[in-house]
Amino acid sequence: MGNPVYPGKKTKYITEKVGVKIIAVTDEDGTDYMNGNEEASLKLLDYIEKHVVIKFVVTGIKQEIDLGVEYKRSKIHDNFYKQYKKDKFKPPRVAWIIQKKMYAPGEYEIEWNGRDDTRNKRLLLAGDYQIKILGRMWVWKKKHKVGLKVAKPLGYNYGVHYKKGKRWESAKKTVGYAEKSQKSLKDKTGFTIYSQFDRHAREAVEEMKSASVVYFDGHSNPGALVFHGKEGGQFKKKDQSLLYMSVKIAEGSNDAVLKDQKKGSFKDIFFIMMNSCRAGNEVLMYQEIVNYFNPKGVDGVHGDNTTKALRSFQNLHGIKPADGSKNQSTLKWFRIPREMDEEKQTRAIQKKLTGFFAGKADGVLGTKTEKSIKNYQSAHPKLNVTGKLDVATFKALNIGERTSGWFIPKNIADAMGYKGADITMGFIHKVGWNTAMDWAKSFWENLANGQGINTAASNAQASVDHRKRKHFDYNIYTMEGVSKESTLHPARYGAVRE
């Protein structure tokens, strides 16, 4: 091996002509982010499948290049990244874009997705950063750095505001409470807020994908959120659309379906709150499904009601053909002999279907609903008769657990979480507008003051009229490893999920 070359008079000219330099930081459309010329909304870039493009130049000789991102020291970032010390993660450097790679003299560009090197591959928090490049050749080092300013994360609030008959149904006040909280968090950070009262479900779903926090205040049931596409004026059915957990919708509809969204669609949403009726009631979900099977009487006549009820049952259970007839597959499922008289076959099926009727869809696990559960389990070839809404029963109804390529979570809160959100929350029972406003005001004030999400919700529940507190029972769905006591600061971005 030869001796190392040290700088001296003969090499001074060479070292002056050798170097590395960052010459541009843009997106793919050319927006200039270098040194804070524009704030980079990293989530928006990632959502539309764009990246930060970093251009740099290597001069003189072939060099070993490091390129990374560091935050400028701040309490917010220091506290946030403490949780990753066990990952051999070394703040303030948060991302290696290039590490120990040889580059010959020339101009280069490289894409970066705006995520850090933690195990969760999180998007960077809002604030000031530096992009640093280092070139090594022999014993010399050349470096250069430029600034990058990351914009505040996005928060989307959705509500309704229309006149229905003589009364207004409006979420303007509650959305206002949410806005105030999201803009004035205890740690002096906040969100860039967009509040919408005139969105269809299809538009809203696409907007949510770029959000970190989502607040929905409107009508719902365990299987759908209700959006309204027009603000103000009289309520019109044609302006309404739904975000379903799982249905078939017509092409060109303003509706949307959660099951059609890719896994991880909401991967960077930290928190979704649904201040709406019955977004988390598993009993109501069961009642609404099995009540579609009701033939409305046992008379041995295979009329329209029986056909409709039987078709619903066939569709849900994958019985083909799903035509509402007493076909061979259906008789086999119900264990009814083919040789039986047709009227007796009809009566037998009607009796089975009527036995599934759970009574009024009120979300209450009463005597009639318990009997319905036992009847359904008894009729189903693969279920044990427990009288409980267990995992196996939910799977049989396509609710709850994953199956091969197809599942419906038990309620809307679960459904949003299954698609990637860290924390989702929804009420179990129907809530009234005025009491919901009292709850929301307390909830968002608690969050702004730094309380954890579960504590903020519990305290808000305690603050409403004691006669109505049970209406504010809620479900919270959390991703593995995420605490229900997480706050809105500083961990505002979710994890990448495969």
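The values are calculated or read from the model by the stated rules, or taken from the named source; none is laboratory data. Worth saying up front: this structure is predicted, and the values here are computed from it rather than measured. As a convention, Cβ positions derive from the backbone with ideal geometry for all residues, glycine included, and neighbour counts pool all protein chains shown.
Which residue, of F334, F293, F271, F313, is farther than 25 Å from I373 by Cα and either surrounded by 21 or more Cβ atoms within 10 Å (Cβ to Cβ) or touching a residue at least 24 places away in the same chain (Cβ under 8 Å) (or both)?
The match here is F271.
Quick one: which residue in S265, S246 is closer than 23 Å to S195 by Cβ and surrounded by 14 or more Cβ atoms within 10 Å (Cβ to Cβ)?
Result of the check over S265, S246: S265.
Here's the yes/no breakdown for (1) in contact with a strand residue (DSSP E or B) (Cβ under 8 Å, 6 or more places away or on another chain); (2) in a loop (DSSP other than H, G, I, E, B); (3) not acidic (D, E):
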position	(1), (2), (3)
L242	yes, no, yes
V247	yes, yes, yes
S253	yes, yes, yes
S265	no, yes, yes
M273	yes, no, yes
S276	yes, yes, yes
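Mind checking which residues of the stretch 91-117 are within 27 Å of G264 (Cβ to Cβ) and surrounded by fewer than 18 Cβ atoms within 10 Å (Cβ to Cβ)?
Within the stretch 91-117, P91, R93, W96, Q99, I110, E111, N113 meet the criteria.
Output the residues belonging to the stretch 182-236 that are farther than 17 Å from K172 by Cβ and among the acidic types (D, E).
D187, E203, E206, E207
State yes or no: is K88 out of contact with any Ser or Thr (no Cβ under 8 Å at 6 or more places or on another chain) and either closer than 30 Å to G264 by Cα or among the small types (G, A, S) (or both)?
So K88 passes the test.
Among G300, G280, which is the only one that is surrounded by fewer than 20 Cβ atoms within 10 Å (Cβ to Cβ) and either at positive phi or in contact with a strand residue (DSSP E or B) (Cβ under 7 Å, 6 or more places away or on another chain) (or both)?
G300
Return the residues of the stretch 340-382 that are more than 16 Å from F313 (Cα to Cα), aliphatic (A, V, I, L, M) and at pLDDT 90 or above; say none if nothing qualifies.
Across the stretch 340-382, the qualifying residue is only M340.
Can you tell me how many residues within the stretch 151-189 are in contact with a Pro (Cβ under 7 Å, 6 or more places away or on another chain) and buried (at least 18 other Cβ atoms within 10 Å of the Cβ)?
1
Filter the stretch 428-453 down to the residues that are buried (at least 17 other Cβ atoms within 10 Å of the Cβ), outside any loop (DSSP other than H, G, I, E, B) and of a type in the set (A, V, I, L, M, F, W, C) and list them by number.
A436, M437, W439, A440, F443, W444, L447, A448, I453
Taking helices (runs of 4 or more DSSP H) that do not extend beyond the stretch 1-90, which have at least 3 residues that are out of contact with any Phe, Trp or Tyr (no Cβ under 9 Å at 6 or more places or on another chain), at pLDDT below 95 and exposed (fewer than 13 other Cβ atoms within 10 Å of the Cβ)?
So the answer is 9-16.
Which condition number in (1) in contact with a Gly (Cβ under 8 Å, 6 or more places away or on another chain); (2) closer than 16 Å to R199 by Cβ is the one that E231 fails?
(1)
Out of A126, A104, A95, report the one residue that is under 30 Å from I61 (Cβ atoms), under 33 Å from the mean Cα position of the chain (by Cα) and of a type in the set (G, A, S).
A95
Taking the stretch 190-205 as the region of interest, how many residues are assigned to a loop (DSSP other than H, G, I, E, B) and either of a type in the set (V, I, T) or buried (at least 18 other Cβ atoms within 10 Å of the Cβ) (or both)?
Count: 5.
Tally up the residues in the stretch 211-243 that are within 13 Å of A421 (Cβ to Cβ) and polar (S, T, N, Q), please.
1
Can you go through E498, E485 and tell me which one is at pLDDT 90 or above and in a loop (DSSP other than H, G, I, E, B)?
E485
I'd like to verify a number: residues in the stretch 220-240 that are within 21 Å of S312 (Cα to Cα) and in a strand (DSSP E or B), how many?
2
Look at the stretch 113-123 and say how many of its residues are over 18 Å from N37 (Cα atoms) and more than 19 Å from the chain's Cα centre (by Cα).
5
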